[in-house]
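Data block below; observations after.
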Amino acid sequence: MSKRTEELLKADVQHIIHPWYIVGQNSGIVFEKAHGIYLVDTEGKQYIDMASGNCCCNLGHGRREIIDAITRAINETDFTTSFYGHSNPYTIECSQKLANLTPGNLNHFHFTSGGSESVDSAIKIARFYWYNKGRASKTKIISLYDSYHGASGFSTYATGTGRGALQNAFGSIMPGFTRIPSYYCYRCTFGLNYPQCNLRCARMLEETIQAEGADGIAAFIAEPMMGGGGFFEPPPEWWPIVGEICRKYEVLLIADEVLSGFARTGKMFAVENWNIQPDIMTIAKGISGAYLPFGAVAVNDEGYEVLKGVAFMHGFTYSGHAIAAAAACAALDIYVRDKVVKNAAKVGNHIKQRLDAEFSPLPCVGNIGGMGINYAIELVSDKETKTAINPQVKAELIGKLLKNGIYTRSVGRLGNRLHIGPPCTTTIEEADTALDIIRPLVSELKPI
Ligand code: PLP
């Protein structure tokens with residue numbers, strides 16, 4: 001290791017408290033450069049980015065058009081507030097472009113600087129909606145086990161995955177949040193099998209609304225496909241069933257598209273896979289291709305009409321930041337011009353075929369989940385009992401992958417699902433290169 005890397009890592013340990021990591025430690029890697037689907041560390045070693053950052057670098061790294069758009073914008077302005085009704089041309093342009101891309105009548109946007117801010121804002125907007133309808137008792141939020149909605153206030157408590165570790169260490173649990181089992185069919189909470197289960201998990205939403213009382217519930221929030229909770233997709237009937245239940249009981253439907261939006265599921269937004277019309281949709285990550293922190297909450301026409309004329313006492317200093325909006329405008333143009341959705345669907349389909357054919361039969365692969373260009377391989381030490389792979393063995397695998405030039409991560413309830421989610425612009429040849437490196441390493445794993 002070079003002296004420079006050593007010194008950087010030493011300074012890192014002394015001064016940085018990393019998110020989602022052990023305090024006082026680091027991974028031993030300092031990423032310095034990135035281009036295309038590759039990350040490069042301070043030793044000059046190149047890694048294929050098989051996790052797209054954390055599902056945000058959808059357009060790959062080093063896109064000249066986005067860099068130029070940021071440079072142009074910052075030469076004109078830096079930051080001007082969006083508070084008190086003020087605006088800037090970049091944010092206005094971004095809202096118009098978004099309105100052309102979001103499904104149905106989701107035409108109104110509150111801008112944020114990331115996913116957690118979007119989720120917190122969406123929950124506040126849902127409560128604000130009911131308050132303005134004269135139904136202030138509708139405040140509770142129902143979410144799913146296994147979900148990940150963020151790390152800020154409300155988003156932490158809406159999150160269902162790893163609840164103990166994510167929530168208990170940070171004080172008392174926030175009231176007003178209820179969760180129901182998710183669509184994790186491989187480890188069904190009810191011990192049932194699809195389709196004989198008759199979608200027990202989706203129908204649990206109705207029972208929960210009845211038990212809690214529809215008059216107390218503001219919204220149901222769910223990821224259209226599970227992301228950080230393990231990259232798995234719902235059965236085809238799941239979304240239509242929960243959508244219908246929400247309508248029946250006047251519970252707002254919030255689709256959290258922070259991770260699944262912008263081509264990752266082979267559609268611009270994942271809800272399009274089921275023709276679902278959410279009332280509110282949260283957006284972040286891919287909106288700017290991750291070049292700058294940005295996000296939004298989309299509100300439908302009906303919701304907007306209810307809120308119109310009332311002061312919205314919520315917002316962040318950087319809501320609608322001009323430079324981040326300029327990056328998002330350039331990113332949104334690329335999604336459309338380069339038909340990124342089509343590429344993600346095509347390359348994703350190829351990846352899925354290879355995962356099913358070549359990885360599924362391996363002795364320690366229990367399940368393959370996901371859709372579009374977002375998958376996970378569930379690693380088990382015994383296919384029969386579905387026992388999760390030993391965490392030490394998994395850590396060694398991640399280490400070997402890094403050594404062989406693959407950057408990825410493990411996700412899910414038990415932390416044993418290996419994420420396979422390269423940028424949406426990846427070619428079939430690039431995907432093959434990565435899978436050809438990953439397969440022999442996964443096949444070396446021994447069952448016990
Ligand atoms: N919602 C979903 C579905 C996510 O996957 C994430 C992050 O991974 C968030 C919200 C939180 O986003 P952020 O980390 O930008 O705050």
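Data for the structure
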quantity: Region 143-252: relative contact order as a whole-number percent, Cα under 8 Å and 6+ apart; calculated: 29 percent
quantity: For residue 104, net neighbour charge (Lys/Arg +1, Asp/Glu -1) across residues whose Cβ lies under 12 Å away; calculated: -4
quantity: Cleavage-rule hits (chymotrypsin sites (Phe, Trp or Tyr not before Pro)) in region 285-357: DSSP loop, at most 16 neighbouring Cβ within 10 angstrom; calculated: 312
quantity: Fluctuation leader among 423, 236, 278 - the chain, Gaussian network, Cα springs under 10 angstrom; calculated: 236
quantity: Per DSSP, loop chymotrypsin sites (Phe, Trp or Tyr not before Pro) in region 167-250 with at most 13 further Cβ within 10 Å; calculated: 190
quantity: Listed peptides 37-45, 440-448, 324-332, 13-21 by packing density, highest first (mean Cβ within 10 Å); calculated: 324-332, 37-45, 440-448, 13-21
quantity: Residue exposure sequence - 118, 147, 288, 152 - by fewest surrounding Cβ within 10 Å; calculated: 152, 147, 288, 118
quantity: Bridge type composition, region 64-337 - antiparallel percent by DSSP, nearest 5; calculated: 45 percent
quantity: Within a Gaussian network of the chain (alpha carbon springs, distance under 10 Å), most fluctuating of 92, 254, 351; calculated: 92
quantity: Qualifying trypsin sites (Lys or Arg not before Pro) for region 101-186 [loop in DSSP, other Cβ within 10 Å: at most 14]; calculated: 133, 135
quantity: Cross-link partners of residue 352 among lysines (Cα-Cα below 19 Å; sequence separation of 8 or more within a chain); calculated: 267, 342
quantity: Rg/Rg_globular for region 64-337, with Rg_globular taken as 2.2 N^0.38 Å and Rg from C-alpha atoms; calculated: 1.00
quantity: Charge context of residue 67, other residues only, Cβ under 15 angstrom, K/R +1, D/E -1; calculated: +1
quantity: Rounded Å value of the spacing that divides the Cα centres of region 336-379 and region 33-61; calculated: 19 Å
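Bear in mind that the values in this text are calculations on the coordinates, not laboratory data. No experiment lies behind these values; they were computed from the predicted model shown. Counting neighbours? That spans all protein chains shown, and the Cβs are built from the backbone with ideal geometry, glycine included.
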